[in-house]
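Shown next, in structure tokens, is the structure this report addresses.
The values are calculated or read from the model by the stated rules, or taken from the named source; none is laboratory data. Owing to the predicted nature of the structure, the values given are computational and were not obtained by experimental measurement. Cβ placement follows ideal geometry from the backbone for every residue including glycine, while neighbour counts extend to all protein chains displayed. Heavy atoms of the whole protein, side chains included, go into the accessibility calculation; ligands, DNA and RNA do not. Shrake-Rupley method; radii C 1.70, N 1.55, O 1.52, S 1.80 Å.
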Amino acid sequence: MFTVWEAIKRRRSIRKFVPDDIPEDMVNQMLEAARLAPSASNRQPWRFLVVRDKEIRKQLSRICLRQRFIEEVPVVIVCFGDFERYSDTARKKRRQESVDSGVASTASGLFADPEFIAYIDSLPIPPREQLVTPVVANTYIAIEHLVLMATALGLSTCWVGGFEDPAEINRLFGLDDTLLPVAVIPVGYAAGQIPPPRPRLPLEEIIVKPWMHATGKEK
Ligand SMILES: Cc1cc2nc3c(=O)[nH]c(=O)nc-3n(C[C@H](O)[C@H](O)[C@H](O)COP(=O)(O)O)c2cc1C
């Protein structure tokens, strides 16, 4: 198995796969890597649906703007964010888990202050529109764990966020809207050569130089 650094460097978006199936234990290792991802307040909103059925892959391919490789790959993992993890019931349960597991005793700053915790617990649950960003952001972390584990195992993937209407994915599986489809990940063995790395911004361009972004000042 590759190290994390090797997997980060080797990962590519692959859009052509051989038809060979992938073993169940590899899929399980990918899901296990996703399960261990960090999330704000340990909400763990990610949910995964493993699809092997050809007819369903065909439907998914149609929903995902007819990207054919989704139909051609042996396994597709549909990744959802679960709004239920942000409900009041889930919040209370999580708080108790945090106390019971001893995690609460390792909190620091304001999060170590029981009064502050009681205060944030008393705040109303934000409306759904305000939960979309945390649901998606936290689920994305788990998805990247899953993708990197696939690479470490010698498999190839491609993030697919190209679908017009996420509700179509819910309808395909008969799921209610507490689960928000956030990405579709085809997984398989790459056909042909792994392409060279796609261009990335140089390091200097991703470092924020405050004077270049300062408000009200000449640049
Ligand atoms: C959130 C997200 C959504 C993406 N959606 C698609 C997609 O719908 N179809 C596709 O072919 N590639 C998709 N990609 C892959 C990107 O095009 C790819 O990561 C980028 O071009 C860099 O190439 P690399 O992954 O090989 O480094 C997506 C990537 C991300 C992170």
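Key figures
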{"item": "Residues with amide H under 5 Å from that of LEU155, placed H, sequence gap 5 or more", "result": "none"}
{"item": "Ranked by how many other beta carbons lie within 10 Å on average, peptides 18-25, 144-151, 186-193 from highest", "result": "144-151, 186-193, 18-25"}
{"item": "Number of Lys pairs (Cα under 17 Å; 8 or more positions apart or on different chains) in the chain", "result": "4"}
{"item": "Antiparallel DSSP beta bridges within the chain, percent to nearest 5", "result": "95 percent"}
{"item": "Neighbourhood charge, 13 Å Cβ-Cβ cut-off, centred on ILE56 and excluding it, Lys, Arg +1 and Asp, Glu -1", "result": "+2"}
{"item": "Accessible surface, per residue, of the chain when the full set of protein chains is kept, probe 1.4 Å, Å²", "result": "61 Å²"}
{"item": "Positive-pole candidate from LEU110, ALA167, GLN96, dipole of the stretch 61-170, charges at beta carbon", "result": "ALA167"}
{"item": "Net charge contributed by nearby residues that have their C-beta within less than 12 Å of SER87 (K/R +1, D/E -1)", "result": "+4"}
{"item": "Net charge, ILE22 excluded, C-beta distance under 14 Å - Lys, Arg +1, Asp, Glu -1", "result": "-3"}
{"item": "For the stretch 2-18, Karplus couplings with θ = phi - 60° (6.51, -1.76, 1.60), whole Hz, Gly/Pro x", "result": "6, 6, 4, 4, 4, 5, 4, 6, 7, 4, 9, 7, 10, 10, 9, 10, 7"}
{"item": "Lys, Arg +1 and Asp, Glu -1 on Cβ, resulting dipole of the chain about Cα centre, debye, nearest 20", "result": "700 debye"}
{"item": "Carbon and sulfur %, accessible surface of the chain computed with the full protein complex present, 1.4 Å", "result": "58 percent"}
